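Colleague: Attaching a single structure in structure tokens format; questions to follow.
Every read-out reported here was derived from the displayed coordinates using simple, explicitly stated rules and does not represent laboratory data. Keep in mind the model is a prediction, meaning the values are calculated, not measured. Cβ sites come from the backbone with ideal geometry, for glycine too, and all protein chains shown count toward neighbours.
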Amino acid sequence: MIRALNLYKSKDGKQILRGVSFEVASGTTLGIIGASGSGKTTLLRCLNGLERIDRGVIECGDVRLDASLADVEYARRAKLLRRRVGMVFQHLHLFPHLSVLGNITEAPVHVLGMQRSEVEREAQELLAEIGLQGVAHRYPESLSGGEQQRVAIVRALIMRPDVLLFDEPTSALDPRRSANVRALLRRFIAQGHTMIVVSHSIRFLEDLADHLLYMEGGEVVEHDRAEALLYAPKDARTQDFLRQAR
Amino acid sequence: MSEKKQRSIAVLCLALLCSVSSRAQQVLRWGADPSGGAPYVFTDPANPDQYIGYEKEMVEALAAHMGRRPVMVATDWEAIVPALERGEFDVIVNGLEPTEDRAARILFSRPYYVFNLQLTVRREERNIASLEDCRNKLVGTLGNTAASRLLAQRGIPFRGYADPVAAYRDLELGRLDAVLMDVPMEAYYARDNPRLRPAGPPFRGGVYVIGLRKGDEALKAEVDAAIEAIMRDGTLERILRRWNLWDAAQAELHAAMRKGEEVHYAMTAATFNWGDALKRLARAAAVTVMLAFGAMLIALALGLLLAIGQSKDGGWLSALCTAYIEFFRGTPVLVQLLFLYFGLPQIGLALPGWLTALVGLGLNYAAYESQVYRAALEAVPRGQWEAAYSLGMSPALAFRRIILPQALRIALPPMTNDFVSLFKDTSVAFAISVWELATAYRELANATGEFLLLGVVVSVFYLAMSLPLAHAARRLEQRQARRRALQLQAAEATT
Ligand SMILES: Nc1ncnc2c1ncn2[C@@H]1O[C@H](COP(=O)(O)OP(=O)(O)OP(=O)(O)O)[C@@H](O)[C@H]1O
Ligand SMILES: [Mg+2]
């Protein structure tokens, strides 16, 4: 379960988030849609503790990140928050100097202090499960965009986060690959993962997200069950956006 | 007026006339090194525009006899023979000892002075009573002298200095265990120093002669005659007495001359030995390599700390690191070395020369390496930090495991290039008498005259190190450029 309460964030004097609140129940998936520049990526970065929020509270399990905390304490809790919240970046940011296996095992071994052999076995299982047999010892630069993305997903997944954040998981993929990613995420849903997926593509989120949230100008315009938001939007701005998107 | 006096006046008039009519031929250009050159020839402490010294007075007396006008050419002691050969002056008058290797290159006049050698130690020294006790000690002396040849011949480790002041100072500072020097210098520079004392009695070193170019037989005859004349008429004795240099040995030399005896003098030291020279050259090469690697290690470690310190923006630490970097990049490494070597002892920190060079070059190159690190660290994309953080890594862990390895790859080619520069820059250690390749080249070439051959040997050694390294740096650069191009292509293909 992750909850955002009245989040505010400005950067370089520009107000990017203006009082964002929502909650994602365990085992459900929230899709976030919105025009370019509406603050979706910024929101995910705040949820992952990469950006310090100006006001508001983020709660995930027993971690409570309050904007009013002093810097040191905020940083400490942000680190705890990151243990619970995994992130798959839009641009993936795989570690180019490590093999696929190294990318995946680095954090479990050095952050969680797990046995390397055990982590490697688990990594191989996850890679196989996700359809990436035989790439463990290759380097990211030799993989296709789709393969790289799946490595990034496994890298986040192996930390067993309570919540997985995806920023535009299909922006770099062709339609067929993007269908594969959707199938993959659907499997995660079936396994009971809690996820937040940001996407431009309404079609991608349809049948995937339980709830949808439409953002505009750093505000939550509408947040509802997916079918309700897609087929019976209440707000005129949501209706506009959906009409243009279709 | 006696007949003798009349004659001498006539000679004087003739000399004057000659000097007016054909001035160029009447000059006696004599080469000597006045730096630390007491009591031979040195700057007058009371009148810094003027040189004084017993040899200067002697040359004036000789020149008067020869009907020439003496002109002193200040030169560098260690390179004095090549300078004579190049024709920068016509005679060497600088306490020159006849040695076999010099005899092969230049002519010697008859001897004009018999010198003794004196070993000097620190006052509190307990273990050195004579040269025999110096087998495993480091002894300082003037480079390229009879004393240095004697030490080489006995297999005693020694360091050749350009002037006696530096040698005695390093003895005081504990950088040397003893100094072996001709008595005239020892008397002038060490005897009154309360922190030093002579070890054992002085022993016979040899004689001083005037050096002339091969083929200048006529000038040699002139010089020999003039030496005989000033010995005979007591001029030389008066000069030496005035400088406190007259002793029984000089009396013997004068007496022998008066009796017309051929003065036999042993060539004061062994011939220059090529096997020994090669051994010393190999040692210099090893020191050069050691300096380069040692300094680079310091530079890489300290440079990283500086880069990290500098990146913590705003604080005093960053300001301190920046100040360090600006200082070491903004001043010449040579000056830094001289400061460390001569300046630090004044606050009680006297490091040996090789260590000074190693640390000094390391401190200097750390400033440059810090900037290589900084550029490399900045070249690692921010996303790498964020990906590491999002996986729960602490800043320290992210830096160590994710950022630094990538930065090192980027930094490797420029660092390799810097190592090549550092390897060549070890030659500045020459300024503080460290026995590395440049020092070895200068001293051995001066001693043998083999500037060309030794120059080639030394250059080949430098090249054997620097060429492969520079090549490796280029290869690494090309590989990185190719990899970047591939990554760019891949990125374009996915969007
Ligand atoms: N460092 C920054 N300084 C100033 N403005 C920023 C900064 N980062 C983001 N912004 C601005 O904040 C707004 C929201 O950015 P954000 O990346 O969150 O949008 P987004 O909804 O993810 O857009 P897209 O759909 O294009 O990815 C944009 O207008 C962007 O220009
Ligand atoms: Mg975005």
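Colleague: Other chains near A:140-152: what is the mean number of their Cβ atoms within 10 Å of each residue's Cβ? Can you show the working numbers first?
Modeller: On the way: counts 2, 7, 2, 1, 3, 5, 1, 0, 2, 1, 0, 0, 1.
Partner-chain Cβ atoms within 10 Å, mean over residues of A:140-152: 2.
Colleague: Over 22 Å between C-alpha atoms is what I'm after, so list which of A:9/A:40; A:9/A:234; A:14/A:40 land there.
Modeller: Details: A:9/A:40 12 Å; A:9/A:234 26 Å; A:14/A:40 15 Å.
From A:9/A:40; A:9/A:234; A:14/A:40, over 22 Å: A:9/A:234.
Colleague: At 0.36 nm per residue, minus the direct Cα-Cα distance, what do residue B:256 and residue B:319 gain on full extension? Give it in nm, one decimal, please.
Modeller: Value of the extension gain: 15.3 nm.
Colleague: To the nearest 10 degrees, how steeply does helix A:71-84 sit against the main Cα axis of chain A, on a 0 to 90 scale?
Modeller: The angle comes out near 70 degrees.
Colleague: Any idea what the alpha-carbon Rg over 2.2 N^0.38 Å comes to for the range B:274-494? Write down the numbers at each step before the final one.
Modeller: Values: Rg = 21.1 Å, N = 221, 2.2 N^0.38 = 17.1 Å.
Ratio of Cα Rg to 2.2 N^0.38 Å: 1.23.
Colleague: If the reach is capped at under 17 angstrom between alpha carbons, list the aspartates and glutamates near residue B:137, excluding any in the same chain fewer than eight residues apart.
Modeller: B:124, B:125, B:170, B:172, B:177
Colleague: For the range B:93-177, run through the trypsin sites (Lys or Arg not before Pro) and keep only the ones in DSSP coil with at most 13 other Cβ atoms within 10 Å of their Cβ. Before the final figure, lay out each step's value.
Modeller: Values: sites: B:102, B:105, B:122, B:123, B:126, B:135, B:137, B:149, B:154, B:159, B:169, B:175; in loops: B:105, B:123, B:126, B:135, B:137, B:175.
Here the sparse-neighbourhood loop sites are B:123, B:126, B:135.
Colleague: By average Cβ neighbour count within 10 Å, what is the ranking of B:216-229, A:11-24 from highest down?
Modeller: Details: B:216-229: 17.3, A:11-24: 15.3.
Result, highest mean first: B:216-229, A:11-24.
Colleague: Within a 10 angstrom radius of each residue's Cβ in A:105-118, how many Cβ atoms of other chains show up on average? Whole number is fine. Mind dumping the intermediate values first?
Modeller: Numbers: counts 0, 6, 9, 2, 1, 10, 8, 2, 0, 0, 0, 0, 0, 0.
Average per residue, whole number: 3.
Colleague: Rounded to the nearest angstrom and ordered from largest down, what semi-axes does the equivalent ellipsoid of chain A get from its C-alpha gyration tensor (root of 5λ)? Don't skip to the end; give the middle numbers.
Modeller: Numbers: eigenvalues 172, 106, 47 Å².
Taking √(5λ) for each eigenvalue gives 29, 23, 15 Å, largest first.
Colleague: On to the next question. Between the DSSP loop rule and a limit of at most 16 other Cβ atoms within 10 Å, which GluC sites (Glu not before Pro) in the range A:153-226 are left? Before the final figure, lay out the partial values.
Modeller: On the way: sites: A:206, A:216, A:219, A:222; in loops: A:206.
Filter output for the range A:153-226: A:206.
Colleague: Arrange the following residues from fewest to most other Cβ atoms within 10 Å of their Cβ: B:289, A:221. Before the final figure, lay out the partial values.
Modeller: Details: B:289 16, A:221 21.
Fewest to most other Cβ atoms nearby, the residues stand as B:289, A:221.
Colleague: Can you tell which of A:131, A:27, A:146 shows the greatest fluctuation in a Gaussian network model of chain A with Cα springs below 10 Å?
Modeller: So, out of A:131, A:27, A:146, the one fluctuating most is A:131.
Colleague: Return the FRET efficiency for the residue pair residue B:485, residue B:289: r is the Cβ-Cβ distance, R0 is 25 Å, and the value is rounded to the nearest 0.05. Could you put the intermediate results ahead of the total?
Modeller: Numbers: r = 37 Å, r/R0 = 1.46.
E between residue B:485 and residue B:289, to the nearest 0.05, is 0.10.
Colleague: Of all beta bridges DSSP finds with both residues in chain B, what is the antiparallel percent, to the nearest 5?
Modeller: Numbers: 21 of 35 bridges.
Roughly 60 percent of the beta bridges in chain B run antiparallel, per DSSP.
Colleague: In Å, what Kirkwood hydrodynamic radius results for the range B:168-256 from the alpha-carbon pair distances? Let's see the in-between values first.
Modeller: On the way: mean 1/r = 0.0630 Å⁻¹.
Answer for the range B:168-256: a Kirkwood hydrodynamic radius of 15.9 Å.
Colleague: How high is the FRET efficiency between residue B:396 and residue B:344 when r is their beta carbon distance and R₀ equals 51 Å, given to the nearest 0.05? Can you show the working numbers first?
Modeller: On the way: r = 35 Å, r/R0 = 0.68.
Between residue B:396 and residue B:344 the formula returns 0.90.
Colleague: Let me ask something else. Could you work out [θ]222 nm for the protein assembly as shown from helices alone, using -39500 (n - 2.57) per DSSP H run of at least four and dividing by all its residues? Round to the nearest 500 deg cm²/dmol.
Modeller: Values: 28 runs with 376 residues, N = 741.
Value at 222 nm, helices only: -16000 deg cm²/dmol.
Colleague: Right, something else. What's the center-to-center distance, using Cα atoms, between the range A:2-25 and the range B:350-412 in Å?
Modeller: Taking the Cα centre of each part, the range A:2-25 and the range B:350-412 sit 37 Å apart.
Colleague: Once label points are set 7 Å from the Cα along Cα→Cβ at both residue B:27 and residue A:125, what is their separation, rounded to one decimal in nm?
Modeller: 9.6 nm
Colleague: Here's another thing I want to ask about it. If you find the alpha carbon centre of the range A:140-184 and of the range B:196-228, how far apart are they in angstrom?
Modeller: Value for the Cα centre distance between the two parts: 90 Å.
Colleague: Counting only other chains, what is the mean number of Cβ atoms within 10 angstrom of the Cβ of each residue in peptide A:46-56? Intermediate values should be presented prior to the final figure.
Modeller: Working: counts 0, 0, 3, 3, 5, 1, 0, 0, 0, 0, 0.
Per residue, the average neighbour count from other chains is 1.
Colleague: Quickly work out the residue B:452-to-residue A:246 label distance, labels modelled 7 Å from Cα along the C-beta direction, and quote it in nm with one decimal.
Modeller: Here the answer is 9.5 nm between the modelled labels.
Colleague: Kindly express, to the nearest 10 degrees and within the range 0 to 90, the angle between helix B:3-21's C-alpha long axis and the longest C-alpha principal axis of chain B.
Modeller: Here the helix axis deviates by roughly 40 degrees.
Colleague: Please determine, in degrees from 0 to 90 and to the nearest 10, the orientation of helix B:54-66 with respect to the longest principal axis defined by the Cα atoms of chain B, where the helix direction is its Cα long axis.
Modeller: 50 degrees
Colleague: Same structure again: I'd like the FRET efficiency for residue A:200 and residue B:474, computed as 1/(1 + (r/R0)^6) with the beta carbon distance as r and R0 of 30 Å, rounded to 0.05.
Modeller: Numbers: r = 45 Å, r/R0 = 1.50.
So, using R0 = 30 Å, E works out to roughly 0.10.
Colleague: Work out how far the C-alpha atoms of the range B:58-151 reach from end to end along every principal axis, then list the three figures in whole Å, largest first.
Modeller: So the extents along the principal axes, rounded to whole Å, are 53, 26, 23.
Colleague: Right, something else. If I take all pairs of Cα atoms in the range B:114-205, what percentage of them are more than 20 Å from each other? Mind showing how you got there, number by number?
Modeller: Working: 853 of 4186 pairs.
For the range B:114-205, the fraction of Cα-Cα distances above 20 Å is 20 percent.
Colleague: Right, something else. What is the Cα centroid distance between the range B:125-152 and the range A:211-246, reported in whole angstrom?
Modeller: Taking the Cα centre of the range A:211-246 as reference, the centre of the range B:125-152 is 94 Å away.
Colleague: For the protein assembly as shown, compute the orientation-averaged projected area of the C-alpha convex hull (one quarter of its surface), in nm². Walk me through the intermediate numbers first.
Modeller: On the way: hull surface 186.0 nm².
Dividing the Cα hull surface by four gives the mean projection, 46.5 nm².
Colleague: Computed over the Cα atoms of the range B:313-373, what is the ratio Rg over Rh, Rh following Kirkwood? List each step's numbers first, then the result.
Modeller: Numbers: Rg = 12.9 Å, Rh = 12.4 Å.
In the range B:313-373, Rg relative to Rh is 1.04.
Colleague: If eta is 0.692 mPa s and T is 37 °C, what Stokes-Einstein diffusion coefficient results for chain B, Kirkwood Rh from Cα pairs, in µm²/s? Walk me through the intermediate numbers first.
Modeller: Details: Rh = 26.6 Å.
In µm²/s, the coefficient is 124.
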